[in-house]
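The values are calculated or read from the model by the stated rules, or taken from the named source; none is laboratory data. None of these values were measured; they are calculated from a predicted model. Don't worry about glycine lacking a Cβ; one is built from the backbone with ideal geometry, like all the others, and counts go over all protein chains shown.
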Amino acid sequence: MKGLLIKDFKILLNQKRFLLMFICLAVILSFSMDSTFVVSYIPMIGLILMLSTIAYDYNDDGFSFLMTLPIKPGDYAVAKYVFSIMGVTLFWLISLVIQFAVFTIQKETYVLSDTVLLDVCMLALFLVILSVLLPIDIRFSPEKVRVVMFIIFGIIMAGVLAGKAVMGILSDKFGMVFFSHPNPFETVSPGVLIIGLFAIAIIFLSISMMYSIRVMQKREF
C-alpha cells in the first residue's frame, strides 16, 4: 500500500502548477469575497485532484500493471481512501492558514470559536462528499464518471430548486413558515455537533470503502 500512496502523491506533485494557480486564485478571491470562501474552495479543488489520480491508473492498462504487483485489489481501494482523506485534510489545513492570514492582513474581526466550528464542519462535509464520489470513480471508467457526476449534480440542483419552489408554494398558500428562529442548532453544543458530523462522515466512509473493496475484488484485469 505504501507504494500506491507514493505513486498517487507523485501524480499529485506533477500537477503542482495547476494546484498553485488555483491556490493563488483562491487567495486573491479571499480578499474580495467572504473569508470562509477559501475553506470551501481549496478542499474542493483538492478533492477533484485526488479523484483525478484514478483516471491516470486507467491510462496504458495501468490497472493491469498494478495488479501484477504484490497487492490485492482491495488494497488499491483502501489506498485510494487513505490518500484521498490525507489529501483533503491537507488542502483543508492549507485553506485554514490562508483564511487566518487574510483575517490578519485585513484586520477583520471574527469570533474564533464560531470560525473554527464552521471550518471543522466543512471538513466533515467534504469527507461525506468524498465517500459518495470515490466509489463512483472506482466503479466506472473516467468517461462514464463524467456522465454520472453530471447526473448526480443535476439531481441535487433539481432537488434544491424543487424544494425551494414547494416551500414557496406552501408559504404563500398555507402560511407555513420554514427555518424560523431560533435555529435548532443553536441549542446543540459545538462539541456534540462536531462529534455528530464526524460520526456521520466515518459511517459514510466505512460503507463507501466496503463497497469499493467489493467492486475491486470483482473486477477483471
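Answer with yes or no whether Thr115 is part of a helix (DSSP H, G or I), surrounded by fewer than 18 Cβ atoms within 10 Å (Cβ to Cβ), more than 18 Å from the chain's Cα centre (by Cα) and not hydrophobic (A, V, I, L, M, F, W, C).
Yes; evaluated as a whole, the condition is true for this residue.
Assuming Leu5 fulfils every condition listed in (1) of a type in the set (A, V, I, L, M); (2) surrounded by 18 or more Cβ atoms within 10 Å (Cβ to Cβ); (3) farther than 30 Å from Thr115 by Cα apart from one, which condition is it?
(2)
Please find, within segment 62-92, the residue that is nearest to the chain's Cα centre (by Cα) out of those that are charged (D, E, K, R) and closer than 18 Å to Asp137 by Cβ.
Only one residue fits best here, namely Lys80.
From the list Met167, Met149, exactly one residue is surrounded by 14 or more Cβ atoms within 10 Å (Cβ to Cβ), over 21 Å from Ser212 (Cβ atoms) and either modelled with pLDDT under 70 or of a type in the set (Phe, Trp, Tyr) (or both). Which is it?
Met167
List pairs: first residue in segment 206-221 and at positive phi and surrounded by 16 or more Cβ atoms within 10 Å (Cβ to Cβ), second residue at pLDDT 90 or above and among the aliphatic types (A, V, I, L, M) anywhere in the structure, Cβ distance under 7 angstrom, at least six positions apart or on different chains.
none
Check Ile71, Ile94, Ile98, Ile48 and return the single one that is surrounded by fewer than 21 Cβ atoms within 10 Å (Cβ to Cβ), among the aliphatic types (A, V, I, L, M), on the phi < 0 side of the Ramachandran plot and not in a helix (DSSP H, G or I).
After ruling out the rest, the residue left standing is Ile71.
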